[in-house]
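Trainee: I have a structure I would like to understand better, so I am pasting it below and will then ask my questions one at a time.
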Amino acid sequence: MTVKETKLKGCFILEPTVFEDSRGYFYESFNQKTFNKLIGQNINFIQDNESFSIKGTLRGLHYQKGEHSQAKLVRVIKGCVLDIAVDIRKDSSTYGEYVSLELSEANKKQLFIPKGFAHGFVVLSDTAVFFYKCDNFYNKASEGGIIYNDSSLNIDWKLNLEELVMSEKDLNLPPFKKINF
């Protein structure tokens, strides 16, 4: 497995070593010991989540705050998504910046998103199965979000507005400058 830190400190792209032959392929998608060594942190994932979405579904930008903040390791099992991580750590030199990465069943890349980030994705393929590990349990009272089209972030979601499928909740999230993290 190779690991590359993004421009956002603590946010890493992981690419597994895939062994292919005439039967198909095999790869180790997660190994706690290897993962912690490669990112230089001791992360203990305690919850796995999976979602299925149709093309154009935009989920995010979400975060958990306070003692319920979550670090996440995300990947796509089926399909392709554009994944976004936004640095919302006020003391960070990259506060308000984001990374954008296509995650797909074909490239098998994963993104590690540390605590202090908002996260979202949009489905680029007909459907997608999205999988993520969290190092803290979800707590509804600690959730927050940022509106997907915030002009100060200026995220290119790669789809036209009329192609997007969003929840009412996500359509009513506040702008970046009004978040309470």
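Trainee: Determine which member of the set S93, S125, S152 is hydroxyl-bearing (S, T, Y), within 21 Å of G10 (Cβ to Cβ), assigned to a loop (DSSP other than H, G, I, E, B) and more than 15 Å from the chain's Cα centre (by Cα).
Mentor: S93
Trainee: Moving on. Can you find even one residue in the stretch 135-146 that is within 18 Å of S100 (Cβ to Cβ) and either in contact with a His (Cβ under 8 Å, 6 or more places away or on another chain) or not in a helix (DSSP H, G or I) (or both)?
Mentor: Among the residues of the stretch 135-146, at least one is within 18 Å of S100 (Cβ to Cβ) and either in contact with a His (Cβ under 8 Å, 6 or more places away or on another chain) or not in a helix (DSSP H, G or I) (or both), which makes the answer yes.
Trainee: Please enumerate the residues belonging to the stretch 124-181 that are β-branched (V, I, T) and either more than 29 Å from N107 (Cβ to Cβ) or touching a helix residue (DSSP H, G or I) at 6+ places or on another chain (Cβ under 9 Å) (or both).
Mentor: Result: I146, I147, I179.
Trainee: Then there is this: Give R75, R59 a once-over and let me know the one that is free of Cβ contacts under 8 Å to residues at least 60 places away in the same chain, surrounded by 15 or more Cβ atoms within 10 Å (Cβ to Cβ) and among the basic types (K, R).
Mentor: None of the others qualify; the one that does is R75.
Trainee: Look through S69, S125 and report the one residue that is modelled with pLDDT of 95 or more and closer than 25 Å to D156 by Cβ.
Mentor: Answer to the selection: S125.
Trainee: While we're looking at this one, here's another question. Which numbered condition in (1) outside any helix (DSSP H, G or I); (2) within 18 Å of the chain's Cα centre (by Cα); (3) surrounded by 11 or more Cβ atoms within 10 Å (Cβ to Cβ) is the only one that D170 fails?
Mentor: With respect to (1) outside any helix (DSSP H, G or I); (2) within 18 Å of the chain's Cα centre (by Cα); (3) surrounded by 11 or more Cβ atoms within 10 Å (Cβ to Cβ), D170 is out only on (1).
Trainee: Can we say K115 is touching a residue at least 40 places away in the same chain (Cβ under 8 Å), in contact with a strand residue (DSSP E or B) (Cβ under 7 Å, 6 or more places away or on another chain) and surrounded by fewer than 21 Cβ atoms within 10 Å (Cβ to Cβ)?
Mentor: no
Trainee: Report yes if Y63 is out of contact with any helix residue (DSSP H, G or I) (no Cβ under 6 Å at 6 or more places or on another chain) and closer than 19 Å to F117 by Cβ, otherwise no.
Mentor: yes
Trainee: Checking E162 against (1) free of Cβ contacts under 8 Å to residues at least 24 places away in the same chain; (2) of a type in the set (D, E); (3) part of a loop (DSSP other than H, G, I, E, B), only one condition comes out false. Which one?
Mentor: Every listed condition holds for E162 apart from (3).
The values are calculated or read from the model by the stated rules, or taken from the named source; none is laboratory data. Given the structure is predicted, the values throughout are model-derived calculations rather than measurements. Cβ: placed from backbone, ideal geometry, glycine included. Neighbour counts: every protein chain shown.
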